[in-house]
Amino acid sequence: MPELTQQCTPPPSPPEHAVSPPVIDPERWEDFPCFREIFLVMFTDARANEAMRRFGHLQYEMVIETWGQWPDHREGIFPAEMRAAVADLRHVQRHLRYVLEWAGGGTTYSPLGMAYSRLARDCGGEVEEIAAAIEAAMADPRGTIERHRVLLDAAAGLRPREVADARQS
């Protein structure tokens with residue numbers, strides 16, 4: 001079959017520049033449902049990147065279409081969603097540490113690159129604190145409910161003693 005090889009279309013030339021991750025509006029978070037940007041950044045060819053994004057949308061739509069046929073989470077959807085968010089935060093936390101380690105691995109970077117690595121260190125710590133706060137709240141449901149009540153009471157202008165007096169009457 002050597003005659004087929006001569007008739008094949010050569011692959012297109014790779015693009016000159018890598019595609020960059022998009023700026024994501026938090027209000028449109030569902031437009032980016034499947035793959036983390038940390039993963040998609042590895043697909044630097046715009047065509048491959050777009051194909052992965054479309055594939056992710058297809059997977060998401062398939063899951064949504066069959067959602068009611070799957071078993072329910074034992075703990076309920078809201079705790080499961082929170083645990084999933086913590087897992088993603090932990091992933092981002094470790095990725096930021098990886099950026100910092102990579103920058104500290106002996107490679108010479110620009111002043112901007114070093115500034116970004118320090119930012120990764122600082123933000124990684126903040127992401128860790130957010131994840132830990134969610135985990136702590138989920139580990140203590142009663143305390144979380146009580147703290148929520150106190151916040152609601154404060155928003156209504158009630159002080160804790162007034163709340164206790166009102167509950168006793």
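The values are calculated or read from the model by the stated rules, or taken from the named source; none is laboratory data. The structure displayed is predicted, hence computed values, not measured ones. Neighbour counts are summed over all protein chains in view; Cβ atoms, including those assigned to glycine, are modelled from backbone coordinates with ideal geometry. Accessible surface areas use protein heavy atoms only, side chains included; no ligands, DNA or RNA. Shrake-Rupley method; radii C 1.70, N 1.55, O 1.52, S 1.80 Å.
It is to be established whether one or more residues within region 134-150 are surrounded by fewer than 12 Cβ atoms within 10 Å (Cβ to Cβ), touching a Ser or Thr at 6+ places or on another chain (Cβ under 9 Å) and free of Cβ contacts under 8 Å to residues at least 60 places away in the same chain.
yes
Return a yes/no flag: does region 75-97 have any residue that is over 26 Å from E30 (Cα atoms) and part of a helix (DSSP H, G or I).
The answer is yes; a qualifying residue exists.
Test R36 against the stated conditions and say whether it is open to solvent by less than 100 Å² (accessible area, probe 1.4 Å) and at pLDDT below 95.
Yes, satisfied.
Return yes when M62 is more than 17 Å from V127 (Cβ to Cβ), open to solvent by 100 Å² or more (accessible area, probe 1.4 Å) and either basic (K, R) or modelled with pLDDT under 85 (or both) and no when it is not.
No: the conditions fail for M62.
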